[in-house]
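Enquirer: Dropping the structure in here first, questions after.
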Amino acid sequence: MPLTLAEKIISKQAGRAVRAGDLAIVPISRVMVHDSVIDAVMAGLAELGRDRVWDASKVGVFVDHAAPAPTPVVADSHRVLREWVRAQGIETFYDAGEGVCHQIMVEEGYCEPGGIIVGSDSHSNSYGAVGAFGAGMGATDIAVALGLGRTWLRVPESIKVTFTGGLRRGVTWKDAIMRVVRELGTDGARYACVEFHGAGDLPQGDRITIAGMTTEMGAKAGIVAGTPEAPAWLTADPGASYLREVTVDLSTLEPQIAIPPRVDQVSDVGEAGRVAVDVVFLGSCTNGRPGDLPAAEPDPADRE
């Protein structure tokens, strides 16, 4: 029975063979929680009658969404969060200014390849950069995962994206994934797992960008195939069933731009014309790493 990457991971964790559409109860490798939902998560745990998380060593908590605190109310929420972290004995805690949750989760080795990781943020798909099944969930589901160490999933269908050729000068992997968003649209991968082939040997940061952007297609998860961190068993089988297959020829790709207000309203930069820019912000769940900053330095020839 040929399996996709998502089917392989969920089958292994569920302890039985599953296919797209099946329901499965699976153990969680790790749970990520950030500051903007912690009050609701703590309330959910209380409703479950749980005063302790199932395993403090498998929980990561981050203060990065409203940091530094913009109001006294948020500041008090952060205070409660820090007290809760200490009381629970959670050691994987990153306070305001220490970094973005998804970047740290991957870069510091908190994402177990082949495991299932849930986070309280939609861009938890980023964990597929190292061959994990990462999925964002709401506060109630995160509370259940924290209290029980497991969750339920409907096994998603998969979409296969294959990159061929090589990027030309001035074109980045953010352009490549934006081209995929342009192809699929904001709901073209709704509750699917987008499986990427031809990107496994990329630097980890580029893989985070690719996996994390699957959120903008409505995906449940995004997994980069063939990464150096992935276990040997984590390969898609020949003949696996896909909802759709997309091929992107990188050698013909132009720089891409998303035109407001839609993230899938993407066009070649050359087709967008010259647009006056008032403010430029460098930093997001998918970019904003040190390697992205020099690339944004304007060419002196373009200065007026």
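The values are calculated or read from the model by the stated rules, or taken from the named source; none is laboratory data. For clarity, every value in this text was computed on a predicted model and none was experimentally measured. Every residue, glycine as well, gets a Cβ built from its backbone with ideal geometry; the counts of neighbours run over all protein chains shown.
Enquirer: Would you check if V73 is surrounded by 14 or more Cβ atoms within 10 Å (Cβ to Cβ) and either touching a residue at least 12 places away in the same chain (Cβ under 8 Å) or part of a helix (DSSP H, G or I) (or both)? Break it down stepwise before answering.
Expert: Details: surrounded by 14 or more Cβ atoms within 10 Å (Cβ to Cβ): no; either touching a residue at least 12 places away in the same chain (Cβ under 8 Å) or part of a helix (DSSP H, G or I) (or both): yes.
Judged against the criteria, V73 is not a match.
Enquirer: Which one of V144, V180, V118 is modelled with pLDDT of 95 or more, on the phi < 0 side of the Ramachandran plot and more than 17 Å from the chain's Cα centre (by Cα)? Full working, then the answer.
Expert: On the way: V180 fails: more than 17 Å from the chain's Cα centre (by Cα); V118 fails: more than 17 Å from the chain's Cα centre (by Cα).
One residue alone meets the criteria, V144.
Enquirer: Take the stretch 34-66 and flag every residue that is modelled with pLDDT under 95, buried (at least 18 other Cβ atoms within 10 Å of the Cβ) and not in a helix (DSSP H, G or I).
Expert: Matches in the stretch 34-66: D64 only.
Enquirer: Can you tell me which residue in the stretch 17-33 is farthest from the chain's Cα centre (by Cα), limited to those that are of a type in the set (A, V, I, L, M, F, W, C) and in a loop (DSSP other than H, G, I, E, B)? Reasoning before the result, please.
Expert: Step one: list which residues in the stretch 17-33 are of a type in the set (A, V, I, L, M, F, W, C), which gives 17-18, 20, 23-26, 28, 31-33.
If we keep only those that are in a loop (DSSP other than H, G, I, E, B) as well, we get 17-18, 20, 28.
On the way: A17: 25, V18: 23, A20: 20, I28: 16 Å.
Checking each candidate, the answer is A17.
Enquirer: So, of the residues in the stretch 226-261 that are in a strand (DSSP E or B) and among the β-branched types (V, I, T), which turns out to be surrounded by the most Cβ atoms within 10 Å (Cβ to Cβ)?
Expert: V248
Enquirer: Report yes if some residue within the stretch 178-187 is acidic (D, E) and part of a helix (DSSP H, G or I); otherwise report no.
Expert: Going through the stretch 178-187, the residues acidic (D, E) turn out to be 183, 187.
If we keep only those that are part of a helix (DSSP H, G or I) as well, we get 183.
Yes, the conditions are met somewhere in the stretch 178-187.
Enquirer: Test each condition in (1) within 17 Å of the chain's Cα centre (by Cα); (2) modelled with pLDDT under 95; (3) assigned to a loop (DSSP other than H, G, I, E, B); (4) not polar (S, T, N, Q) for P113 and report the one that comes out false.
Expert: (2)
Enquirer: Does at least one position in the stretch 131-150 carry a residue that is small (G, A, S), farther than 26 Å from D39 by Cα and not in a helix (DSSP H, G or I)? Break it down into steps so the answer makes sense when it comes.
Expert: Step one: filter the stretch 131-150 for residues small (G, A, S), giving 131-132, 134-136, 138-139, 143, 145, 147, 149.
Within this subset, residues satisfying the condition of being farther than 26 Å from D39 by Cα are 131-132.
The next check asks that each one be not in a helix (DSSP H, G or I); those that pass are 131-132.
Scanning the stretch 131-150 turns up at least one residue that is small (G, A, S), farther than 26 Å from D39 by Cα and not in a helix (DSSP H, G or I).
Enquirer: Only one of H197, H123 is surrounded by fewer than 24 Cβ atoms within 10 Å (Cβ to Cβ), more than 16 Å from the chain's Cα centre (by Cα) and at negative phi. Can you tell me which? Steps first, please.
Expert: Working: H123 fails: more than 16 Å from the chain's Cα centre (by Cα).
One residue alone meets the criteria, H197.
Enquirer: Sticking with this one: Here is a list of conditions, (1) buried (at least 16 other Cβ atoms within 10 Å of the Cβ); (2) modelled with pLDDT of 95 or more; (3) of a type outside the set (A, V, I, L, M, F, W, C), and T172 meets all of them except one; can you say which number that is?
Expert: (2)
Enquirer: Let me ask another. Taking D302, is it of a type in the set (D, E, K, R) and either surrounded by 10 or more Cβ atoms within 10 Å (Cβ to Cβ) or at pLDDT 90 or above (or both)? Don't jump to the end; show me each part of the working.
Expert: Numbers: of a type in the set (D, E, K, R): yes; either surrounded by 10 or more Cβ atoms within 10 Å (Cβ to Cβ) or at pLDDT 90 or above (or both): no.
Criteria not met by D302.
Enquirer: Still on this structure: Quick one: M213 ticks every box in (1) without any contact (Cβ under 8 Å) to a residue 40 or more places away in the chain; (2) surrounded by 23 or more Cβ atoms within 10 Å (Cβ to Cβ) bar one, so which box is it?
Expert: In the conditions (1) without any contact (Cβ under 8 Å) to a residue 40 or more places away in the chain; (2) surrounded by 23 or more Cβ atoms within 10 Å (Cβ to Cβ), M213 misses (1) alone.
Enquirer: Look through R79, R154 and report the one residue that is without any contact (Cβ under 8 Å) to a residue 12 or more places away in the chain, surrounded by fewer than 16 Cβ atoms within 10 Å (Cβ to Cβ) and among the basic types (K, R). Talk me through it step by step, then tell me what you get.
Expert: Working: R154 fails: without any contact (Cβ under 8 Å) to a residue 12 or more places away in the chain.
Going through R79, R154 in turn, just one is without any contact (Cβ under 8 Å) to a residue 12 or more places away in the chain, surrounded by fewer than 16 Cβ atoms within 10 Å (Cβ to Cβ) and among the basic types (K, R): R79.
Enquirer: Please find, within the stretch 2-16, the residue that is surrounded by the fewest Cβ atoms within 10 Å (Cβ to Cβ) out of those that are touching an Asp or Glu at 6+ places or on another chain (Cβ under 8 Å) and outside any helix (DSSP H, G or I).
Expert: P2
Enquirer: Any idea which of R207, R289 is surrounded by 17 or more Cβ atoms within 10 Å (Cβ to Cβ) and over 24 Å from S158 (Cβ atoms)? Even if it seems obvious, please write down each step before you answer.
Expert: On the way: R207 fails: over 24 Å from S158 (Cβ atoms).
So the residue among R207, R289 that is surrounded by 17 or more Cβ atoms within 10 Å (Cβ to Cβ) and over 24 Å from S158 (Cβ atoms) is R289.
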